[in-house]
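Quick note: the coordinates plus some simple rules give every number you see, no bench work behind them. The structure presented is a predicted model; accordingly, all values stated were derived computationally and were not measured. Using ideal geometry, Cβ is built from the backbone for each residue, glycine included, and neighbour counts are taken over all protein chains shown.
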Amino acid sequence: MRIGDFSGFSGLSVMTEQFLHHIWKYRLLRGPLFTTDGKPLQVIHPGLHNTNEGPDFLNARIRMDQTLWAGNVEIHLLASDWYRHRHHQDKGYGNIILHVVFMNDTHVRDEQGKELPALELKSHPGVLLRFEKYEALTGNKRWVACEGMIAGVEPAILTSWFERLCAERMEKRKRGIGEFLDELKGDWETMCFILLAESFGIRQNTFQFEQLARSLPLKVIRMHHSDLFQLEALMFGQAGFLEDEITDEYHQQLKKEYQYLMLKYALQKPQPGQWNFLRLRPSGFPTIRMAQLAMLCVRHGNLFRKLLDTEHLHEVYSLFDVGVSPYWETHYLFGKPVKKAPRRLGADACLTILINALIPLRLLYADYTGKEGEKGKIFELLHALNPEDNLVIRRWKMAGITPRSAMDTQGLLELKAFYCDRMGCLDCPVGQKILDRTSSSVVVR
């Protein structure tokens, strides 16, 4: 809800409850405070911010007129919103010790008829100044609101924030994998194979690779793990690459082998959609990635166990240091020979696989086995990995931020997607630091 056109606003047009939550949560009310009936007020603890149904802040503690109170705090733009939201009819709002409002346009009573003490903020100078700066910060047209200012924030604040954001990002990924594991009824090894296959898609073909892996039972892969030709037949056949009529001897051999294996195992071909080749370097074509995935399955029979057992960075990279069969050393596409090259899985591709599959998988397994100590080692791995290189990270570099590791780049990706793009400056330590500066001239308009 937004409300506007108040005297004393210096031309500002709107105020939001979100901003008032920010003021209360971070204890930004300076100077002596008084309730609307003149009682002195001291905030001992603002309470826990409640983002679910019920009062806005739970278990707060305040001292009012020399009496210590413990209970909940509700925040509104207008005091009359209390009635508009029907809180006076809700027993869940029966333990409100303070009603914090921007404008106290009426007296309010709770479900039992008791009048609530109110704190009005519209004339508080700190609230108006901070809101003016917040409006200027979020109203600029830059790539992110703090572009041009974030580089001036203390490195210790940035480092701590990026680490926390990276942990949030990994937690979300881990949670998604956990739901996937439930879907697979606790089959860790099948989940591991599908996750790896998905990561080989490198964004443009992740869904297609996931559907491919789901269509190939792991027991079938294991039965042919020592035969690269048969694995390629299974993968390229299920992916639909063997349906065209191509006068290429290897293609025809794979097609014949696939038709036999498909009937033998009663395989159902998925409908993964069209494979993407546009805007990809030839080394990233899905055909090459598929050939590398087949080679990985040949080289490492029990991928899940090996992924769990690797501890050092060089062991991880060695695990994924795979090439392709001789045919794909001279092809990017079926029937179109090119100059011979080894076509090994590059460092950037390995980095994507580690971040998107290996690390969240190991975090989930640490939870499952109760080995909390393992998580520290896993995050140390993120610190040791080189920073990622993509469009978002390049823009952060232009803004003056130079990431030192994959921990930083994962944090920056999370920051952009879930804070900057949503104008979450009030919940971001960077935004809070900029708003804390006393001079409004630091805000880029």
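Each principal axis of the Cα cloud of the range 183-263 was evaluated for its coordinate range; sorted largest first, these ranges are 42, 30, 20 Å.
Residue pairs exceeding 25 angstrom between C-alpha atoms, taken from Lys174/Lys397; Lys219/Lys336; Lys172/Lys375; Lys25/Lys375; Lys172/Lys269; Lys141/Lys416: Lys174/Lys397; Lys219/Lys336; Lys25/Lys375; Lys172/Lys269. Helix 188-200 and the longest principal axis of the C-alpha atoms of the chain enclose an angle of approximately 90°.
The alpha carbons of the range 2-138 give a radius of gyration and a Dmax of 14.3, 43 Å, in that order.
Expressed per residue, the C-alpha convex hull volume of the chain stands at 192 Å³. Each listed q (0.13, 0.16, 0.19, 0.26 Å⁻¹) maps to a log10 I(q)/I(0) for the range 85-173 from the Debye sum over equal C-alpha point scatterers, namely -0.80, -0.88, -0.91, -1.24.
Packing, taken as the mean count of other beta carbons within 10 Å per residue, orders the peptides 94-100, 302-308 from highest to lowest as 94-100, 302-308. In a fully extended conformation the segment linking Asp348 and Val14 would gain 115.6 nm over its present Cα-Cα distance, using 0.36 nm per residue. Within the range 187-384, the percentage of alpha carbon pairs spaced more than 21 angstrom apart rounds to 51%.
Peptides 340-347, 428-435 ranked from most to least packed, by the mean per-residue count of other Cβ atoms within 10 Å: 428-435, 340-347. Projected over all directions and averaged, the alpha-carbon convex hull of the range 270-326 occupies 5.6 nm².
Rg ratio for the range 135-269: its Cα radius of gyration over 2.2 N^0.38 Å, N being its residue count, equals 1.60.
Each of Glu414, Glu17, Glu232, Glu311 was scored by other Cβ atoms within 10 Å of its Cβ. Listed from fewest to most, they are Glu311, Glu17, Glu414, Glu232. Direction-averaged projected area, Cα convex hull, the range 308-445: 13.1 nm², rounded to one decimal.
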